[in-house]
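Trainee: My structure is below; once you've seen it, I'll send some questions.
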């Protein structure tokens, strides 16, 4: 088992005697998967607040036609940083954070397979994020051109080449993503090695909790999807610094090649981002329905299927670049195929509730919200997969509405469900249920008021990434209501932040197992000790705590 | 509470007989997978850009097939196996000899790459910015050479600490992982060699 | 005077064309747009059906099986692990739906993309620049900017083929009521086609983010009856009007840096980096659609484009008051 070694001698023994410096040292030098998981999640939530404020400025600018809140360049930087932050500095650390905190606990291990690699992964991710944000200070370079990157989060070539992007902002963008990507890959290898090697006795692959299964496939996707992105960013930097010609169209380079490389990463990436939500739902819905997940083998199979099909759909982001009709048909077809396993997952979650006792506590509310919102996201996704329909909708506000439905309503709903569900485990205290319900309902109203109108603006011909628009194009109403919705979302998130901070300090003690859980993390104390379990558990089914609590009707009888 | 999980009489047996794969092995395998995808991307881009250069020099004019360097690199895969074999039997003298032979073969490969680049830059005036061939050639071959360099640093580290008296026989597992990485780098060279010196020079 | 009267007469047909500022993709007035609307409606019908059924099941499940006051909280419900028949059912049904959609998509993709361009009567070349468009009609020897004139095609037979190129970064051609997008990508040539069934002025935007002023890279398609289109093309082919009343302004224009970027046919001004100004006043807008073209706007634009379209590549020329008046007066003769 991984040993936890501290390089320096501790002056004091018990944590109660520690001063601020000792606590800081403890967090900075830790290799404990739980502390690293918490740091991942907290830094992700900080980036969520930063990028959320950017979104509010964007929405304020677009509330009325001919808005003058920010200058065009500032606006372009805002949406670039908003998108880049949300994907790479919110979504990715949440993947790493949840899997770090929960995978070892759920499989009955004392830590991740490579604890020091784990700490390395977190810090290099965080400094990658700092590098991206440093562009606000260092981006102008000697040219006095620009501050933060303003090329969009998928940064289509040749807009990123030297002649069109002076200064260093694009370099910080590429470097920040490469560096934080190294952290992501380190964490993914760690999750895979942990799930294969550190399962406690009896925890066969078929008995692993669904959460662990989904995070395993997620890590696999990271390992095959991130290298093309890293390669593309290296090529971009070679272009910008050594005068290479990969995407420099004047010397024969190909702008479309960048798009291929980016989306070979980019489409699996959206599944990488949504998988934590899938993982959380697969744990929360059974607990709050008091029934095991319906069709476990099908659920695992569906995740594995998504993990492979999603590698072959990338060019549906490129229906408008002038591919042949055969290529367009192929990618339309493969994209629609992804809908099948995704549908299976939604049906199985729904079936889990049938015949159960659905307890609508806050985590379960967020799961129910996820099911309905993500259903809409999936169906608008089918619309976008139909290439002829996509020729109209591509790069319009419809697409903005669609992917915010998948991420802001899908991923974020799932994440909130998880954050509420494991809050008592992480802090040992219970969150405030009433504030949680306020958060949920305000958030539901906010996101729908924001993102449903965007679909209509897109259908009326509004392209994305425009800093202003003229009156009379039919977009005012939709944009205005989207702005109102964004502020409602902000209020909801503020309630959440208050709930977390207040409950973590003053909440009711929650006990070790407040939800009457079935997976191993509920078998230890809240918060768990550094070594997780006094003695490694031995399990005989996928719900070890069910077996324990129902000795006369254990799960393993049915396996 | 965790103790109470040992519910059944045969829990102890289960615990005793429980086997999972070695974490280092899993880790290195997936590291190699992710590295393979990185190389795959660069190889694909090289293939896409074959014949796309607007101006010369072109591959068939300037590239000379590095037969000797290739033979050296590929045979270093065999010598490292021999070194591992010796280490397995605790024959440290043999291990050192084979390990040093591996290092010499690898160093010759790097030297040959350096001479090739020197010739291309100073004689043929092909740099990374000259045309798409230069761009893709230097980036693909350079990516591979940088991996050989990383492998070489670790090879030197192993023999260095061993010659300074570190008991390398305690680190058989890590030496095995290093040799897997070295095999991976060699296997990549077979692909790079085929793509760069055979396909694109035709 | 006579010439101006004739020109006013010539302009009349499209000055009074219906305007379509609300570019509703579900109100298409050309064949590609209509094909796309057809498949869109089918898709929406199918997905709405799926939504109603699935959302109904989810909501019903939550409502029916929720915990009610008075339920025995300690009593666990029956533990059901799954059912293979049900799994098969909800795998097969989506597969069937998906294959229907794939079949329809493939047909429409082929119908729109593989339509033979040889039937097209007008071929034009649309070139994207950072934040404006060159419209080139090689058949007629006509070059204009930002406003595409095409013949109307009531029976779908006057097809206009558009060849799309870019000189700098990626842009995208999108007139929602006529056809879906096609990108303009440097070092690549794309084709698309349109055949507006009704006369009118159709609005669109650049639909691929292309830098600072992406938002103000607007585009209009002006569909006219064939006779009017031919007259327009003939008019555009002529060299610039040389009005002696504006001689002072012309002199000022030619002595300034304007000539480096703008072309005025029949004068030494032969730049290619900015829009062709030979028949500037025949256009409806200025600055790629940022403002309607009239005296005040033109004067404000020439005075300082950076006030109107910050970041655009035309600098403020810092003209003195009289210079500005002269240059604007000259530009206003360019019918």
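Derivation of every value follows stated rules applied to the coordinates shown; laboratory data play no part. Only a predicted model underlies this, so the values are computations on that prediction, with no experimental measurement involved. Methodologically, a virtual Cβ is constructed for each residue, glycine included, from the backbone with ideal geometry; neighbour enumeration extends over all protein chains shown.
Trainee: What FRET efficiency would be calculated for the residue pair residue B:88, residue B:108, taking the C-beta separation as r and a Förster radius of 30 Å, to the nearest 0.05?
Mentor: Working: r = 26 Å, r/R0 = 0.88.
The pair residue B:88/residue B:108 has a calculated efficiency of 0.70.
Trainee: May I ask for the angle, rounded to the nearest 10°, between helix A:296-309 and the longest principal axis of chain A, with both axes built from Cα atoms and the value confined to 0 to 90°?
Mentor: Its long axis makes an angle of about 30 degrees.
Trainee: Another question about this same structure. Among A:200, B:72, what is the fewest-to-most ranking by other Cβ atoms within 10 Å?
Mentor: Listed from fewest to most nearby Cβ atoms, that is B:72, A:200.
Trainee: Considering only B:104, B:141, B:26, give the residue with the highest GNM mean-square fluctuation for chain B, with springs between Cα atoms whenever their separation is below 10 Å.
Mentor: Looking only at B:104, B:141, B:26, the largest GNM fluctuation is found for B:26.
Trainee: Still on this model: Calculate the spin-label point distance for residue B:125 paired with residue C:24, positioning each point 7 Å from the Cα along the beta-carbon direction, and give it in nanometres.
Mentor: With each label point 7 Å from Cα toward Cβ, the separation is 6.4 nm.
Trainee: Which residue fluctuates the most in chain C, going by a Gaussian network model with Cα springs under 10 Å, if the choices are C:38, C:49, C:82?
Mentor: Largest GNM mean-square fluctuation: C:82.
Trainee: For residue B:68 paired with residue A:16, estimate the spin-label separation in nm (one decimal), with each label point 7 Å from Cα along the Cα-to-Cβ line.
Mentor: Inter-label distance under the simple model: 7.5 nm.
Trainee: Relative contact order, percent, of chain B when contacts are C-alpha pairs under 8 Å separated by at least 6 residues?
Mentor: Values: 157 pairs, mean separation 61.3, N = 202.
Normalised by residue count, the contact order of chain B is 30 percent.
Trainee: Could you compute the FRET efficiency for residue B:187 and residue A:505, with r as their C-beta to C-beta distance and R0 at 45 Å, rounded to 0.05? Mind dumping the intermediate values first?
Mentor: On the way: r = 56 Å, r/R0 = 1.24.
For residue B:187 and residue A:505, the calculated efficiency is 0.20.
Trainee: Using the number of other C-beta atoms within 10 angstrom as an exposure proxy, rank B:75, A:140 with the fewest first.
Mentor: Numbers: B:75 14, A:140 17.
Ordered from fewest to most neighbouring Cβ atoms within 10 Å, B:75, A:140 come out as B:75, A:140.
Trainee: OK, next. Would you mind classifying chain B by shape? Square roots of the alpha carbon gyration tensor eigenvalues, ordered a ≥ b ≥ c; an a/c under 1.5 is rounded, otherwise it is prolate if a/b is larger than b/c and oblate if not.
Mentor: Values: a/c = 3.48, a/b = 1.77, b/c = 1.96.
Oblate.
Trainee: Then there's this: Give me the one-decimal nm value for the distance between modelled label points at residue A:133 and residue C:121, 7 Å along each residue's Cα-to-Cβ direction.
Mentor: The two pseudo-label positions are separated by 6.2 nm.
Trainee: Is the shape of the range C:179-315 rounded, prolate or oblate, going by the alpha carbon gyration tensor and its root eigenvalues a ≥ b ≥ c, with a/c under 1.5 for rounded and a/b larger than b/c for prolate?
Mentor: Working: a/c = 1.77, a/b = 1.26, b/c = 1.40.
Verdict is oblate for the range C:179-315.
Trainee: Over chain C, what is the relative contact order in percent, taking alpha-carbon pairs closer than 8 angstrom and at least six residues apart?
Mentor: Numbers: 583 pairs, mean separation 58.2, N = 335.
That works out to 17 percent.
Trainee: Hey, what did chain A get for relative contact order, percent, Cα under 8 Å, at least 6 apart? Don't skip to the answer; put the middle values down first.
Mentor: Numbers: 922 pairs, mean separation 89.5, N = 559.
Result for chain A is 16 percent.
Trainee: Could I ask something else about it? How shielded is A:282-290 by partner chains, expressed as the average number of their Cβ atoms within 10 Å of its Cβ atoms? Write out the running numbers ahead of the final one.
Mentor: Values: counts 0, 0, 0, 0, 0, 0, 1, 6, 8.
Averaged over the peptide's residues, the number is 2.
Trainee: Moving on to the next point. How many Cβ atoms of partner chains, on average, are near each residue of C:54-65 if near means within 10 Å of its Cβ?
Mentor: On the way: counts 9, 6, 0, 7, 9, 4, 3, 12, 11, 1, 4, 10.
Mean partner-chain Cβ count within 10 Å for C:54-65: 6.
Trainee: Hey, another quick one. Please say if the range C:31-113 is rounded, prolate or oblate, where rounded means a/c under 1.5 for a ≥ b ≥ c the square roots of the C-alpha gyration tensor eigenvalues, and otherwise the choice is prolate for a/b larger than b/c and oblate otherwise? The partial results should precede the final answer.
Mentor: Numbers: a/c = 7.09, a/b = 2.51, b/c = 2.83.
Note, shape of the range C:31-113 comes out oblate.
Trainee: Could you list B:200, A:169, B:146 in order of exposure, starting from the residue whose Cβ has the fewest other Cβ atoms within 10 Å?
Mentor: By the 10 Å Cβ count, ascending: B:146, B:200, A:169.
Trainee: Per residue of A:378-387, what is the mean number of Cβ atoms on other protein chains within 10 angstrom of that residue's Cβ?
Mentor: On the way: counts 4, 10, 3, 1, 8, 7, 1, 5, 12, 9.
Mean shielding by partner chains, rounded to a whole number: 6.
Trainee: Helix-only estimate, please: 222 nm mean residue ellipticity of chain A, summing -39500 (n - 2.57) across DSSP H runs of length 4 or more and dividing by its residues, to the nearest 500. Spell out each step's value before the answer.
Mentor: Values: 17 runs with 350 residues, N = 559.
Calculated from helices alone, the mean residue ellipticity at 222 nm is -21500 deg cm²/dmol.
Trainee: With a Förster radius of 25 Å, plug the Cβ-Cβ distance of residue C:79 and residue B:22 into 1/(1 + (r/R0)^6) and report the FRET value to the nearest 0.05. The partial results should precede the final answer.
Mentor: Details: r = 37 Å, r/R0 = 1.46.
My answer for the efficiency is 0.10.
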